[in-house]
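> Okay, handing you the structure first.
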Amino acid sequence: MTKILIGSDHGGYNLKTKIIEHLREKGYEVEDFGTHSTESCDYPVFAKKVAKAVLDTGHKGILVCGTGIGMSIAANRFDGIRASHCTDTFTARMTRMHNNSNILCLGERVTGTGLALDIVDIWLNTDFTGGRHQARIDMI
Ligand code: RB5
């Protein structure tokens with residue numbers, strides 16, 4: 001069973017809850033790294049937990065905050081993490097194909113639930129193209 005590692009701050013908590021439900025319904029195993037309520041907290045704490053777990057396990061991660069931006073900035077500080085902030089399905093597909101993205105970042109205050117779940121599905125079901133795109137990743 002494919003395992004997904006997920007985290008959010010308070011600004012992403014409600015969308016994270018819906019994503020977890022969606023993924024479990026589809027048969028994914030999901031490990032939730034928090035936060036566990038809408039009480040104010042610090043997004044870098046959860047970005048770090050998920051980024052380290054992605055690097056340790058090789059599983060894909062999903063991070064949600066208010067905009068998706070803070071999570072992507074924080075997660076991309078970890079060598080080997082390619083965190084992609086997506087607000088549409090085209091970039092969700094392309095960032096898997098060309099960037100071999102290993103963390104998807106979403107903004108609960110930006111992207112509606114229906115679109116966010118489509119983005120998650122496409123991001124999880126698109127393979128990396130490899131070839132010249134691997135060579136470019138190796139240059140980062
Ligand atoms: C929290 O208010 C908000 O700043 C955070 O969720 C995120 O959007 C940061 O980038």
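> Every residue in the stretch 1-32 that is in a loop (DSSP other than H, G, I, E, B) and either among the polar types (S, T, N, Q) or at pLDDT 95 or above (or both), please.
T2, D9, K26, G27, Y28
> Another question, then. Say we look at the stretch 33-55 and pick out the residues that are assigned to a loop (DSSP other than H, G, I, E, B) and within 10 Å of the ligand (Cβ to nearest atom); which of these is farthest from N99 (Cα to Cα)?
S40
> Say whether the condition of being in contact with a Gly (Cβ under 9 Å, 6 or more places away or on another chain) and surrounded by fewer than 16 Cβ atoms within 10 Å (Cβ to Cβ) is met by at least one residue in the stretch 67-77.
yes
> Next question. Which ones in the stretch 50-99 are touching a strand residue (DSSP E or B) at 6+ places or on another chain (Cβ under 9 Å) and either among the polar types (S, T, N, Q) or modelled with pLDDT under 95 (or both)?
Those that are touching a strand residue (DSSP E or B) at 6+ places or on another chain (Cβ under 9 Å) and either among the polar types (S, T, N, Q) or modelled with pLDDT under 95 (or both): T57, T67, S72, N76, S84, T87, T91, T95, N99.
> Which numbered condition in (1) hydrophobic (A, V, I, L, M, F, W, C); (2) assigned to a helix (DSSP H, G or I); (3) crowded, with 16+ Cβ neighbours inside 10 Å is the only one that L63 fails?
(2)
> For the condition within 12 Å of the ligand (Cβ to nearest atom) and on the phi > 0 side of the Ramachandran plot, what is the one hit in G58, G12, G68?
None of the others qualify; the one that does is G68.
> Mind listing whichever residues of the stretch 79-91 are over 10 Å from the mean Cα position of the chain (by Cα) and hydrophobic (A, V, I, L, M, F, W, C)?
Within the stretch 79-91, I81, F90 meet the criteria.
> Across the stretch 87-137, what is the number of residues that are of a type in the set (A, V, I, L, M), open to solvent by 50 Å² or more (accessible area, probe 1.4 Å) and not in a loop (DSSP other than H, G, I, E, B)?
Matching residues across the stretch 87-137 total 4.
> Return yes when A47 is within 11 Å of the chain's Cα centre (by Cα), at pLDDT 95 or above and within 15 Å of I4 (Cβ to Cβ) and no when it is not.
Taking the combined requirement at face value, the residue does not satisfy it.
The values are calculated or read from the model by the stated rules, or taken from the named source; none is laboratory data. Just so we're clear, the structure is a prediction, and the values are computed from it rather than from any experiment. Note: ideal-geometry Cβ built from the backbone for every residue, glycine included; neighbour counts use all protein chains shown. Remember, those area values only see protein heavy atoms, side chains included, never the ligands or the DNA or RNA. Shrake-Rupley method; radii C 1.70, N 1.55, O 1.52, S 1.80 Å.
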